[in-house]
Amino acid sequence: MNRIKKAFQNGKAFIAFITCGDPDLQTTEASVLAAVQNGADLIELGIPFSDPTAEGPVIQAANLRALTGGVTTDRVFDLVRRLRTQTDTPMVFMTYANVVFSYGAERFISTCAEIGIDGLILPDLPFEEKGEFGPICRKYGIALVSLVAPTSEGRISRIAAEAEGFLYIVSSLGVTGTRSEIKTDLASIVAAVRKATDIPCAIGFGISTPEQARKMADIADGTIVGSAIVKIIEKYGKDAPTHVGEYVKSMKDALR
């Protein structure tokens with residue numbers, strides 16, 4: 001848990017999401033390290049899944065490319081083992097409940113602890129059903145990160161009060177993907193969160209430009225960017241890590 005806390009200790013946190021195995025695991029490894037070297041405070045690693053319901057077309061396509069390329073959960077675990085010999089930056093998995101179920105929840109979560117993963121985000125896991133995984137995560141010291149959406153309304157304080165690691169605030173209705181404008185009243189959501197917990201909160205979904213990142217960080221403790229990074233990797237393929245590093249630097253500079 002301390003590692004996640006560390007992500008929010010040097011000003012506003014920049015959190016980078018990368019789909020594991022798109023276009024291959026070597027590129028993922030190099031992209032993660034480029035992001036870290038250029039200021040990413042926390043890395044979200046997407047474990048590919050065949051039906052990623054929270055994702056828009058960009059990340060859906062990345063999942064498909066990774067799965068077609070033969071990426072498995074075990075190979076992603078091996079990737080993290082390699083990364084952990086090179087960086088101490090906080091890392092969390094973002095995947096789907098079915099991935100954890102089919103692997104075996106205890107086996108999956110205990111492996112997360114063994115390889116140095118700090119948290120788990122399952123966007124399709126309703127707050128009311130987190131009892132399926134919560135006790136196992138606590139047993140192994142893995143933060144089960146909760147999400148708050150614009151539709152959470154009356155449930156915000158309850159979700160926030162039980163939050164672990166950090167709270168993921170979903171900026172807009174719908175799936176992941178870049179947006180030209182974010183119209184949700186995020187300040188009131190963050191205010192409700194602040195009343196219930198002092199755990200840091202970061203805003204994700206739809207953020208792609210330094211201006212948007214700065215705006216979100218003015219409201220919350222950090223900014224999460226996924227689709228914009230995955231788009232860079234889609235565009236440049238094996239040459240993506242340098243471009244990922246440049247992009248992350250521009251976003252982190254905007255938060256300073």
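Enumerate the pairs (first residue in region 94-111 and within 18 Å of residue 168 (Cβ to Cβ); second residue anywhere and in a helix (DSSP H, G or I)) with beta-carbon separation below 7 Å, excluding pairs fewer than 6 apart on the same chain, so at least 6 apart or on different chains.
The qualifying pairs are 99/73; 100/108.
On the given criteria, is residue 109 in contact with a Leu (Cβ under 9 Å, 6 or more places away or on another chain), more than 19 Å from residue 149 (Cβ to Cβ), among the β-branched types (Val, Ile, Thr) and assigned to a helix (DSSP H, G or I)?
Here the answer is yes, as residue 109 does meet what is asked.
For region 191-208, name all the residues that are over 16 Å from residue 164 (Cα atoms), buried (at least 16 other Cβ atoms within 10 Å of the Cβ) and free of Cβ contacts under 8 Å to residues at least 40 places away in the same chain.
Passing the criteria: 192, 205, 206, 207, 208.
Could you check residue 117 against (1) within 18 Å of residue 162 (Cβ to Cβ); (2) touching a strand residue (DSSP E or B) at 6+ places or on another chain (Cβ under 7 Å) and say which number it fails?
With respect to (1) within 18 Å of residue 162 (Cβ to Cβ); (2) touching a strand residue (DSSP E or B) at 6+ places or on another chain (Cβ under 7 Å), residue 117 is out only on (1).
Sort through 184, 176, 242 and tell me the only one that's within 30 Å of residue 25 (Cβ to Cβ), modelled with pLDDT under 95 and not acidic (Asp, Glu).
Every option except 176 fails the conditions.
Pull out all pairs, ordered by first then second residue, where Cβ-Cβ is under 8 Å, the residues are six or more apart or on different chains, the first lies in region 126-141 and is modelled with pLDDT of 95 or more, and the second is charged (D, E, K, R) and surrounded by fewer than 15 Cβ atoms within 10 Å (Cβ to Cβ).
136/106
Residues of region 199-234 being of a type in the set (D, E, K, R) and at pLDDT below 95, which ones?
Matches in region 199-234: 211, 214, 215, 218.
The values are calculated or read from the model by the stated rules, or taken from the named source; none is laboratory data. On a predicted model such as this, the values are computed, not experimentally measured, just so you know. For neighbour counting, all protein chains shown are included, and Cβ atoms are generated from backbone atoms with ideal geometry for every residue, glycine included.
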